[in-house]
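For reference, the structure I am asking about is given below.
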Amino acid sequence: MKRTIFYVILMSLGCALAAHAGEEIRFTTVLENGITPVKNQNRSGTCWSYATIGFLEAELLRTTGKVYDLSEMFVASKDYVDCAEYHVRMHGNSRFSEGGSADDVLEVIDRHGICPEEAMARPGSMIGDTLANFTEFFATLEPYVASIAKGNSSKLTTQWKVGLQGILDAYLGECPERFTYEGKQYTPKTFARMLGIDKHNYVSITSFTHHPMYEQFVIEAPYKWRPRPSWNVTLDEMMSTIDTALKNGYTVCWGGDVSEDGFTRTGLGIAADIEHADDLTGSDAARWLKLSKAEKAESLKQLGAQTPELVATQELRQERFDNWQSTYDHVMVIYGIARDQNGREYYMVKNSWGETGEYHGIWYMSKTYIALNTTYIFLNKNAVQKDVRKKLGF
């Protein structure tokens, strides 16, 4: 009997959706800048490394016309050493996890250099997988670091670092001290210099009202363990910075929230106005809240191009950040602009989940979604428009 009632409810909801179904979204590309192929971070919390490396590869493509394939695992390995050392110095009163930010990648390259993908063990290969898989790796690494950081030792020896490196090498492979690339010998640092990657050429920009405008502050986001500051500008200036960069041939590294109902696993990000979406689907708010994320995504897909969106304001953005509705949990690369058949504009975004979804690893994220859910953007400082650069003093 219960099963029958369940199917009746599902059929009723399906009929309501069909009755109010919108038009399937059709995208027209407005502009598209060059990027390197989509990669797959698989079972690893390394979107920050994959996205920022993808962003830097796009920078090299823009400046040299050459496609480079740089090693995300080299960056991850070196960053975890830096993070562990910081965590131990803080006696465990900091975050040690798989996550990170765009700043981490540039800091690693500045301190340790970088190598091509071919110079490191392939992701996952150390445990017989074909892609990165941190399930066993971090279940081993995290408690090891915690045991040192929160241990009872009155004086630490340096041997804990040897043990740390042993775990990293066992799961990620050893980072090369020297390697050959296109017939030339390099160290990671000389390779980085050859590529011309300089952390001083890049800036992080955000937009919040709990800090003064046009000054720098460290964003209060859990995965940003390095105390690297971001420049604070208005919401309109942050959004126009993205548009200006794209129109001048630059890509933008984006860090923000993808846990919203309007972000689907099939390639779409819309800041859905759920209250009005409920009206269109024939589903009241109470029923909407009981739907699974997959069911919500299907409902929004049914609405398609008719999905109503919230209005992005500085006040709403701040409110969502303060009440934890908008968090920092993913990093991707913005590389283009598209419009749907109703004129709504979207950013074309390269993800690191492999060639999944309807657009083979590319997401179409509405400008409103980006405006409300951006933690920071990271880009070449020369891509920032002149009036904003003047206000920020660079």
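Whose amide H sits under 5 Å from the amide H of residue 70, counting only residues 5 or more places off or on another chain, with H placed in the peptide plane?
Amide H neighbours of residue 70: 117.
Pick out, from 276, 369, 379, the residue whose Cα sits farthest towards the positive end of the charge dipole of region 240-394, with +1 on the Cβ of Lys and Arg and -1 on the Cβ of Asp and Glu.
379
Do any of 224/390; 66/247; 78/150; 296/386 go past 31 Å between their Cα atoms, and which? All intermediate terms of the calculation are to be shown ahead of the outcome.
Details: 224/390 27 Å; 66/247 21 Å; 78/150 22 Å; 296/386 42 Å.
In this structure, 296/386 lie more than 31 Å apart at Cα.
Report which label in (i) 22.7; (ii) 50.6; (iii) 20.7 holds the value of mean projected area of the Cα convex hull in nm² derived from the coordinates of this structure.
So the calculated entry is the one marked (i).
For the chain, return all DSSP H helices satisfying: extent of Cα atoms along own axis at least 27 Å; mean Kyte-Doolittle hydropathy at least 0.5.
Values: long enough: none.
Length and hydropathy pass: none found.
Taking a spot 7 Å from the Cα of residue 210 along the direction of its beta carbon, which residues of region 229-246 have an amide N less than 19 Å from it?
Inside the label zone: 229-235.
How about residue 290: which lysines have a C-alpha closer than 19 Å to its C-alpha, ignoring those fewer than 8 places off in the same chain?
Excluding near neighbours in sequence, the set is 2, 301.
Can you give the helix-only mean residue ellipticity at 222 nm for the chain, where every DSSP H stretch with n ≥ 4 adds -39500 (n - 2.57) and the sum goes over all residues, rounded to the nearest 500 deg cm²/dmol? Before the final figure, lay out each step's value.
On the way: 14 runs with 163 residues, N = 394.
Here the helix-only value at 222 nm equals -12500 deg cm²/dmol.
Still on this model: Kindly identify region 126-175 as rounded, prolate or oblate by the Cα gyration tensor criterion: order the square roots of the eigenvalues as a ≥ b ≥ c, call it rounded if a/c is under 1.5, otherwise compare a/b with b/c, prolate if a/b is larger, else oblate. Spell out each step's value before the answer.
Values: a/c = 4.98, a/b = 2.04, b/c = 2.44.
Since a/c reaches 1.5 but b/c is at least a/b, the shape of region 126-175 is classed as oblate.
In addition: Rounded, prolate or oblate for region 138-296? Axes are the square roots of the Cα gyration tensor eigenvalues, ordered a ≥ b ≥ c, and the cut-off for rounded is a/c under 1.5. Can you show the working numbers first?
Values: a/c = 1.96, a/b = 1.47, b/c = 1.33.
Since a/c reaches 1.5 and a/b is larger than b/c, the shape of region 138-296 is classed as prolate.
From the Cα gyration tensor of region 196-263, with a ≥ b ≥ c the square roots of its eigenvalues, which class applies: rounded if a/c is under 1.5, or else prolate if a/b is larger than b/c, or else oblate?
Details: a/c = 1.26, a/b = 1.09, b/c = 1.16.
It comes out rounded by the Cα gyration axes.
Right, next: Tell me, in nm to one decimal, what length is gained between residue 85 and residue 182 on full extension, where the rule is 0.36 nm per residue of separation less the Cα-Cα distance? Kindly include the intermediate steps, with their values, before the conclusion.
Values: separation 97, 0.36 × 97 = 34.92 nm, distance 3.46 nm.
Result for the pair: 31.5 nm of gain on full extension.
Counting Lys and Arg as +1 and Asp and Glu as -1, each charge on the Cβ, what is the dipole of the chain about the Cα centre in debye, to the nearest 20? Walk me through the numbers on the way to the answer.
On the way: 41 positive and 50 negative charges, 158 e Å.
Here the chain has a charge dipole of around 760 debye.
So, one more: Taking Cα centroids, how far is region 59-138 from region 303-327 in Å?
So the separation of the two Cα centres works out to 32 Å.
All of the numbers you see were taken from the coordinates with simple rules; none came from a lab. Because the structure is predicted, anything quoted here is derived from the model rather than measured. Ideal geometry is used to build each Cβ from the backbone, glycine not excepted, and the neighbour counts take in all protein chains shown.
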